[in-house]
1. Please arrange Arg85, Arg138 by accessible surface area, largest first, computed with a 1.4 Å probe and ligands excluded.
2. With a sphere of radius 9 Å drawn around the Cβ of Gly45, what net charge do the other residues whose Cβ falls strictly inside it have (Lys, Arg +1; Asp, Glu -1)?
3. Counting Lys and Arg as +1 and Asp and Glu as -1, what is the net charge of the other residues whose Cβ lies under 11 Å from the Cβ of Leu114?
4. Taking the Cα centre of the chain as origin, work out the dipole magnitude from +1 charges on Lys and Arg Cβ and -1 charges on Asp and Glu Cβ, in debye rounded to 20.
5. Quote the relative contact order of region 44-132 in percent (integer), defining contacts as alpha-carbon pairs under 8 Å separated by 6+ residues.
6. What number, in percent, do you get for the relative contact order of the chain if the mean sequence gap of Cα pairs under 8 Å and at least 6 apart is divided by its residue count?
7. What's the carbon and sulfur percent of region 114-179's accessible surface, probe 1.4 angstrom, rounded to a whole number?
8. What is the gain in length, in nm to one decimal, between Asp136 and Ser12 on full extension, counting 0.36 nm per residue of separation less the C-alpha to C-alpha distance?
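The values are calculated or read from the model by the stated rules, or taken from the named source; none is laboratory data. Note that the structure is a prediction, hence the values are computed from the model and not measured. Here the Cβ positions follow ideal geometry from the backbone for every residue, glycine too, while neighbour counts run over all protein chains shown. Ligands, DNA and RNA are stripped out before the accessible areas are found, and what is left, the full protein with its side chains, is counted by its heavy atoms. Shrake-Rupley method; radii C 1.70, N 1.55, O 1.52, S 1.80 Å.
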Amino acid sequence: MTNTPATPAPFSRIKIRTGALVFCGDDVALIRRDRAGSTHYTPPGGNVEDGEDLVAALRRELAEELGLDTALADGGELLWVGDQRVTRPGPTPPPRKLHLIYRFHISPDVRATLAEQELDELPDGSHEVGVIEWIDYRKTAELPIFPPIGPALATLTDPRATVADAALGAVTDANYTWV
């Protein structure tokens with residue numbers, strides 16, 4: 001009898017993504033991604049690499065995507081945690097993904113030095129261009145943001161408001177369709 005490696009079941013692998021809501025006053029930085037037939041937004045951030053410290057991963061991602069040195073920002077506290085179990089297209093079974101969303105505040109002077117677009121490398125070596133948009137956080141409820149944090153973000157009483165519950169609702173095939 002030969003042991004052949006089984007294809008992992010959907011959501012049997014866990015990935016962690018660090019992301020940040022970077023505020024400048026009432027505006028928050030989001031990356032707009034335009035794809036065939038859809039547009040969506042994401043907070044700057046990305047996957048934590050194997051063995052990488054969470055804070056180091058966040059610092060690296062914000063430097064790569066925004067050109068932000070987190071030493072020039074206030075905050076850095078964990079704001080929300082989201083659990084994603086969404087089927088997606090492609091040959092690889094989807095992982096379960098935990099989204100750790102942090103919060104920073106920057107000055108207009110720091111904002112003026114940040115990137116206006118972000119290049120995301122695709123598997124074929126090409127790049128998808130993301131546009132950095134600064135959006136009034138109170139207008140995010142209806143935006144197609146992934147993870148779907150828009151409604152929670154829009155209900156903050158102000159950008160520095162304390163959040164009573166860091167757990168966001170789970171994102172599953174029952175309440176989200178992959179775009």
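1. On the way: Arg85 75, Arg138 125 Å².
If we order Arg85, Arg138 from most to least accessible, we get Arg138, Arg85.
2. Working: positive: Arg17; negative: Glu61, Glu65.
Spelling it out: positives minus negatives among the neighbours equals -1.
3. Working: positive: Arg111; negative: Glu65, Asp69, Asp109, Glu116, Glu118.
Computed value for this residue: -4.
4. On the way: 17 positive and 27 negative charges, 141 e Å.
I would put it at about 680 debye.
5. Numbers: 114 pairs, mean separation 21.2, N = 89.
Computed over region 44-132, the figure is 24 percent.
6. Details: 352 pairs, mean separation 51.9, N = 179.
Rounded, it is 29 percent for the chain.
7. On the way: 2110 of 4010 Å².
Percent of accessible area from carbon and sulfur atoms in region 114-179: 53.
8. Working: separation 124, 0.36 × 124 = 44.64 nm, distance 3.71 nm.
Fully extending the segment from Asp136 to Ser12 adds 40.9 nm.
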